[in-house]
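Here the structure is laid out as structure tokens; the discussion comes afterwards.
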Amino acid sequence: MQIFAYDPALMFLALMALYSPLAALSSYLPVVGPFGPKDQLRLAVGLTVNVAIFVLAAIWIGEPLLRLLGITTAALSVTGGIALLYAGVPMMRGVDEVVLEQVAAETPDVAEVSESWRSVLFTPLTFPLTVGGTTFGLIVAFASRSNGLADELRFTLAGLAYAVVTGVTLYMAGHLHRRVSPRMRMILSRVAGILLTAIAVTLLATGGTQLVVATLRDLRVL
């Protein structure tokens, strides 16, 4: 299957919908709040680097790793579609607002845990608040549709752009969260949920078709 020119942009939109920057502000604020502006900047840069490494690993070695494990890219596309559907539907319904409030409430006070900003950079900021298994599966599912180095470079640029967005979002958490009303966050989150669900259906259809074709070929029907 040949890659469509819009696939890198579609991957970026899917990552953005899954990440939901405005919704992420609520979960970031309790973590970065106790730190000063300089440490918040260090956290933002560190998060960008961590996410960039995560994205590059998923794009460049994710598919060979899955092949080593015996997982097909078509199966991964279907799995990613299901995961996105699972995440997108609650966002459309507004359920994610409640979940984010619970995560924020359960996040420990940074000042009580450690004075070092490094103590929160990987956990909980990078994982699980920013990236996780669904993110990895989504990136690999899109990158598996590349047709050569040029396509992989385009996916890399899209992934790095996503990493930059996460860092900027973290830095702006302390500044923008108080200026955005809860109602506006809810509306934007639901719009992101609609987009995420639509992309999930696309992945399900594409991956499901590939699975059916591969199965028929194995049965020597085609």
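Side notes on the structure shown:
- Fully extended contour minus Cα-Cα distance, from Ala161 to Leu41, at 0.36 nm per residue: 41.4 nm
- Two-site label geometry, Ala205 and Thr72: point separation in nm, points 7 Å out along Cα→Cβ: 2.0 nm
- Once the C-beta distance of Leu85 and Arg118 is scaled by a Förster radius of 45 Å, the resulting FRET efficiency is 0.80 to the nearest 0.05.
- Taking a Cβ cut-off of under 14 Å around Leu157, the surrounding Lys, Arg, Asp and Glu residues balance to a net charge of -2, with basic ones at +1 and acidic ones at -1.
- The residues neighbouring Leu170, those whose beta-carbon lies less than 15 Å from its own, together hold a net charge of +2 under the Lys/Arg +1, Asp/Glu -1 convention.
- Peptides ranked, highest mean first, by Cβ atoms within 10 Å: ranges 134-147, 156-169: 134-147, 156-169
- Met172 paired with Met184, simple spin-label distance in nm, labels 7 Å along Cα-to-beta-carbon: 1.1 nm
- Highest mean packing first, where packing is the average number of other Cβ atoms within 10 Å per residue, the peptides 42-53, 201-212 line up as 42-53, 201-212.
A short reminder: the numbers here are calculations on the coordinates, not readings from a lab. Everything quoted here is computed from the prediction, not taken from an experiment. Don't worry about glycine lacking a Cβ; one is built from the backbone with ideal geometry, like all the others, and counts go over all protein chains shown.
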